[in-house]
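The values are calculated or read from the model by the stated rules, or taken from the named source; none is laboratory data. From a predicted model like this one, the values you see are computed outputs, not experimental measurements. Heads up, the Cβs are rebuilt from the backbone with ideal geometry, glycines too, and the neighbour counts pull from every protein chain shown. Areas reflect the complete protein model, heavy atoms only, side chains present, ligands, DNA and RNA absent. Shrake-Rupley method; radii C 1.70, N 1.55, O 1.52, S 1.80 Å.
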Amino acid sequence: MSGNYGRIARDGLWDNNIVFAQILGMCPTMAVTSSATNGLGMGLATTAVLLASNAIISAVRDLISPDVRIPVYIVLIATLVTLVDVSLNAWAHDLYKVLGLYIALIVANCAVLGRAEAFAAKVGVGEAAMDGLMMGLGFTFALTLIGGIREVLGAGTLFANAHLLLGPAFAFLETTVIPHYKGYLLMILPPGGFMVLGFLLAGRRVLESRRAARAASAALPEAAAS
């Protein structure tokens, strides 16, 4: 069982990462990653929905008729997104104003419904919850990384206004990376998001190719010995 959880964690964080491997959720990925703070907030909100939806759908999967499973999944996900939306409005209003419509659009994120259909509906609650958590954290990592790169190149800061958007507990994240930097506006605009994502995807492809080459090289002596 521990091996299953390890594989699930690796899938969510790297091998099957929502952004870097599946290329899903591009709307929020491009729209809200003008800063690392926005990316972190959006990622955590999506993680909450993924975790809860996977766990609930796994728990009730035997009670849902296969003919109506997709509408039921959508209703459950929409309910959870509404709860996250009103919670952000109540307790993190500044972040809610920044993310705006994109919180509600989590309902339309293919990754959320995809994990419910492809994984949560076929396994136990523990594995489903773990999958939702890891997929969400992988998504959060991707959004925060893209947002951080764009923010550093565009404004010279990292996690700016974190204490306002995420709460006073996150003030320690705020950093001025390049003092007296006038900024590069293109990186904060949508084209900057596509540029950063493209370079990150290329970098991931290079790493995967090198890892595959090392694995193939290591397998040659074993094959020769056998």
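Answer yes if at least one residue in segment 120-130 is of a type in the set (D, E, K, R) and within 17 Å of the chain's Cα centre (by Cα), and no otherwise. Among the residues of segment 120-130, not one is of a type in the set (D, E, K, R) and within 17 Å of the chain's Cα centre (by Cα), which makes the answer no. Counting only residues that are open to solvent by 70 Å² or more (accessible area, probe 1.4 Å) and assigned to a helix (DSSP H, G or I), segment 168-183 holds 3 of them. Being out of contact with any helix residue (DSSP H, G or I) (no Cβ under 8 Å at 6 or more places or on another chain) and either farther than 23 Å from Gly100 by Cβ or surrounded by 12 or more Cβ atoms within 10 Å (Cβ to Cβ) (or both) is a property that Arg204 has. Figure legend. Inter-residue proximity from segment 17-43: first residues in a loop (DSSP other than H, G, I, E, B), second residues of a type in the set (Asp, Glu) and surrounded by fewer than 23 Cβ atoms within 10 Å (Cβ to Cβ), beta-carbon distance below 7 Å, spacing 6+ or different chains. Indicated pairs: Ala21/Asp15. Considering only segment 136-153, I want to know if a residue exists there that is open to solvent by 10 Å² or more (accessible area, probe 1.4 Å) and over 17 Å from the mean Cα position of the chain (by Cα). Within segment 136-153, one or more residues are open to solvent by 10 Å² or more (accessible area, probe 1.4 Å) and over 17 Å from the mean Cα position of the chain (by Cα).
Scan segment 57-77 and give yes if some residue there is surrounded by fewer than 20 Cβ atoms within 10 Å (Cβ to Cβ), touching a residue at least 24 places away in the same chain (Cβ under 8 Å) and over 24 Å from Val123 (Cβ atoms), otherwise no. No, segment 57-77 contains no residue that is surrounded by fewer than 20 Cβ atoms within 10 Å (Cβ to Cβ), touching a residue at least 24 places away in the same chain (Cβ under 8 Å) and over 24 Å from Val123 (Cβ atoms).
Would you be able to say whether some residue in segment 145-159 is out of contact with any Phe, Trp or Tyr (no Cβ under 6 Å at 6 or more places or on another chain), part of a helix (DSSP H, G or I) and within 20 Å of Asp15 (Cα to Cα)? Within segment 145-159, one or more residues are out of contact with any Phe, Trp or Tyr (no Cβ under 6 Å at 6 or more places or on another chain), part of a helix (DSSP H, G or I) and within 20 Å of Asp15 (Cα to Cα).
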